[in-house]
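The values are calculated or read from the model by the stated rules, or taken from the named source; none is laboratory data. For clarity, every value in this text was computed on a predicted model and none was experimentally measured. Ligands, DNA and RNA are excluded from the accessible area calculation, which covers all protein heavy atoms including side chains. Shrake-Rupley method; radii C 1.70, N 1.55, O 1.52, S 1.80 Å.
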Amino acid sequence: MAGSFTKDVVASSLGAEWVGYLMALRNLAGVASGVLLGRWSDSVGRFPCYLLALSCEGVMAVAMVSGFWRTAPERQHAMLLVLATFQGIGNVGSYTLLRALMGDLFEGAEVGVAMSAMGLFASVASTVGFFVGPVLSVELKGLVLLGLWVSAFAAGMAALRPAAAARKRL
């Protein structure tokens, strides 16, 4: 998604010279959110923080699908800066919290298997993305991303339901 955002959205809208600025902002937002979400997840739980990070990625997907980033030219810089920030928060937050969740959900050798499976799926998705990405429009990429986001969000909500039920019994 980062490559599509920078190539198809930023470079085509603002020019290639803005790509570096927006990617730097994305990475700074990611670093800050990684630290803040990590601390917050210790007090409120990992799932709510994970769902917040997924929601930031969802904002990015909806913006790409809807063409929302194609606002009036005088607001386009600000809009793309906000979207780059959401992308950084969502990407780093969801990835780091997912790794922490795996450590909480699995025990012993299962942790290694779960981490390996996550790495395998990320590698396969990245490889497929490099081949499929150039032939899809920005909107279609956003639809694929939105579908993945809805699936991940639904899986997170389904995982939250048993935990909430267990807390009510206590």
Legend entry - Segment Asp104-Phe121, extension gain: residue separation times 0.36 nm, minus the distance between their alpha carbons: 4.1 nm
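If you stretched the chain out fully between Leu36 and Leu14, how much longer would it get, using 0.36 nm times the residue separation minus the C-alpha to C-alpha distance?
Numbers: separation 22, 0.36 × 22 = 7.92 nm, distance 3.05 nm.
Between Leu36 and Leu14, full extension yields 4.9 nm more.
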Legend entry - Sequence of Asp42, Asp104 from largest to smallest accessible area, 1.4 Å probe: Asp42, Asp104
